[in-house]
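Asker: This is the structure I have questions about; it appears just below.
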Amino acid sequence: MSQENYLKIIEPIIKKAGKSAFKKWQKFDRQNVMLKGKKDLVTQIDLDTEKYLIKEIKKVYPNHSFLAEESGEKTNNSPFTWIIDPIDGTTNFSIKNPLWSISIALAKENEIIFGAIYIPFSDELFHAYKNKGAYLNKKKIKLNKNINANKLIHTYCHGSDKKSRDKAIKYYTLQKQSSVDCRQLGSAAIELCYVASSRVDSIVIPGAKAWDIAAGALIAKEAHANVLDFKGKAWTLNSSDILVCHPKAKNQILSILKKIK
Ligand code: IPD
Ligand code: CA
């Protein structure tokens, strides 16, 4: 059976949403950011973008389920679930940092079969289908095999709960001391795309949420990155932590993660 052309459906939707959010970002006043928990920010643009994405995808797939950051889970008894982060990197968005993105994945049962991430400031669309490779603006991408193991650059982020923050701080401290650099770019979806395109070599996330990483995990995996939990086993949507890296970075990162339980 031929595979459904999800990209054809999602590309115009994600780009229209991204371009509209980008215009609003250029005029965004930081005073308008809202707190949705003690340490989680949200803007009206997150809410409006999510509504638009769900409305447009529902027009094509009215029977599919949805798991979206701002509105939660809407189950339709379908094996297909769209996993959506309308703005990944809301803190960056609110401080005029352009590193934010829109992330859309499609899972069948518990397996991600399609993912797309659009970065409005650089007009970059990353996408992947399971077992079909990863693409940046429709050109195939793969990790750089010739990367120098002494020059690896790492990234990290974390869930907003205390345990995840504690783990991330410990990881950052050890990694920052042992490598060229370890940075928090502030959008997990972008960090995953940057691993997929060998712009950085790893991302470590304790307490990752499915909407932050579902699309990016597939894109990175299809670009031949290792996609693992903190014990080095294959990551699944049920794993609470995720490590995505160039194979040359794997052992060094796992040895640090062993120390930070
Ligand atoms: C956040 C970003 C950030 C990560 C946070 C996420 P949001 O997403 O991905 O990099 O550290 O855990 O919540 O909240 O801006 O969509
Ligand atoms: Ca978000």
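The values are calculated or read from the model by the stated rules, or taken from the named source; none is laboratory data. Quick caveat: nothing in here was measured; it's all calculated off a predicted structure. Cβ atoms come from the backbone with ideal geometry, glycine included; neighbour counts cover every protein chain shown. Just the protein is used for accessible areas: all its heavy atoms, side chains included, with ligands, DNA and RNA removed. Shrake-Rupley method; radii C 1.70, N 1.55, O 1.52, S 1.80 Å.
Asker: In the chain, carbon and sulfur make up what percent of the accessible area (probe 1.4 Å)?
Answerer: The C+S portion of the solvent-accessible surface of the chain is 50 percent.
Asker: Given 0.36 nm per residue, what is the gain on full extension from residue 96 to residue 39 after removing their alpha carbon distance, in nm?
Answerer: 18.7 nm
Asker: For residue 111 and residue 23 in one chain, what is 0.36 nm times their gap in residues minus the Cα-Cα distance, to one decimal in nm?
Answerer: Difference between extended and current length: 28.3 nm.
Asker: Then there is this: What is the distance in Å between the Cα centres of the range 129-146 and the range 90-111?
Answerer: 19 Å
Asker: Here's another thing I want to ask about it. If you add up the charges near residue 212, with Lys and Arg at +1 and Asp and Glu at -1, over every other residue whose beta carbon is less than 9 angstrom from its beta carbon, what do you get?
Answerer: -2
Asker: Figure the gain on full extension for residue 251 and residue 5 (residue separation times 0.36 nm, minus the Cα-Cα span) and round it to one decimal in nm.
Answerer: Gain on stretching residue 251 to residue 5: 84.9 nm.
Asker: Normalised by the residues of the chain, what does the relative contact order come to in percent, with Cα pairs under 8 Å and at least six apart?
Answerer: 16 percent
Asker: Roughly what would the spin-label model give for residue 160 and residue 123, points 7 Å off Cα along C-beta, in nm?
Answerer: 3.4 nm
Asker: Can you tell me the FRET efficiency between residue 73 and residue 236 if r is taken as the Cβ-Cβ distance and R0 is 22 Å, rounded to the nearest 0.05?
Answerer: The calculated FRET efficiency here is 0.80.
Asker: Further question on the same structure: Around residue 183, what is the net charge, scoring Lys/Arg as +1 and Asp/Glu as -1 over all other residues with Cβ under 10 Å from its Cβ?
Answerer: Neighbour charge sum, excluding residue 183 itself: -1.
Asker: Relative contact order for the range 157-261: what is it in percent, counting Cα pairs under 8 Å that are at least 6 residues apart?
Answerer: So the answer I get is 28 percent.
Asker: Return the distance in nm (one decimal) between the two label points of a simple spin-label model at residue 145 and residue 16, each offset 7 Å from Cα along Cα→Cβ.
Answerer: 4.2 nm
Asker: Leaving out ligands and nucleic acids, and using a 1.4 Å probe, what accessible area per residue does the chain come to in Å²?
Answerer: 49 Å²
Asker: Give 24/138; 24/108; 23/132 a once-over and call out the pairs whose C-alpha atoms are over 29 Å from each other.
Answerer: 24/108; 23/132
Asker: Using helices alone, what [θ] at 222 nm do you get for the chain, with -39,500 (n - 2.57) per DSSP H run of 4 or more residues, divided over all residues and rounded to the nearest 500?
Answerer: So the calculated ellipticity at 222 nm is -11000 deg cm²/dmol.
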